[in-house]
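Reading through the structure tokens given below for one structure.
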Amino acid sequence: MLGTWLHVMSRNLTPILLLAGPLMFMGAFFQWPITNQVGMEAVDLLNDRDLLILAVGGVLGMSLTFAGLHLLSMDMKKGANRCSTQLLNMADLFIFGTFGLFLAGLGAQVAVILTMTDTSAVFTSDLMRESVALTVYNAGNGIWALTPVVWGMAMISMGLSYVGLKMPEGMTEGAFFMLMPIGLVNTLLPLIQDGEQAELQIVFPLTMLLFIALGGLMLAGTIDEPGSE
């Protein structure tokens, strides 16, 4: 048992987190009830305490995902020149900002669940309860709308830094280059998506699949881990 633990601890956690985090994150995303609903319709869907367990899984997956991105940034800083290091420092700032925005957005929806299922005497009427829940939901949704912008900036910074460190060779190393175009799409998402949020249903899984591909390729040794040379 001790030998197994030491073996695990000797491995680089970056690809492991980039695999496990997005898988959990994407699982919670696809099971979350809100897709195209807005306003009171979305609030009504959140009237379920069972969603709190799903929210916990989403937060865990989210935490592992952004921890993996931060560790990837730290790995890339090994041997990086000044420009690449500065880009990675910017990426770290955007990563932390994205994580904070995600927590704020999801926290607002969790607050809606607690508000709608509250049986105490805090609210004098159901109408007041629904009004507060709708206000919290709209505020959180507004914050959440900024998330892909900051996230995209983090991915673009990391992609630019990787190209500065090493030009991608072949299709597999090109996965790092894909951080830039997919990051750009994330940045533009609030401008190009419609009220149905159909684009979000495509861009978010695509982003997660890129992280999973990076983690899998690094774990399999198909591509060198940044900073390993």
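The values are calculated or read from the model by the stated rules, or taken from the named source; none is laboratory data. Bear in mind that the values here come from a model prediction, so they are computed numbers and not experimental data. All Cβ positions, even for glycine, are placed from backbone atoms using ideal geometry, and neighbour counts span all protein chains on display.
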For PHE99, are the conditions met, namely being in a helix (DSSP H, G or I) and over 28 Å from TYR162 (Cα atoms)?
no
Can you confirm whether the range 36-55 contains a residue that is under 19 Å from LEU206 (Cα atoms), part of a helix (DSSP H, G or I) and of a type in the set (S, T, N, Q)?
no
Flag for GLN86 being under 20 Å from LEU209 (Cβ atoms) and either surrounded by 13 or more Cβ atoms within 10 Å (Cβ to Cβ) or under 19 Å from the mean Cα position of the chain (by Cα) (or both)
no
What's the number of the only condition in (1) of a type in the set (Gly, Ala, Ser); (2) modelled with pLDDT under 90; (3) within 30 Å of LEU93 (Cβ to Cβ); (4) assigned to a helix (DSSP H, G or I) that SER131 fails to meet?
(3)
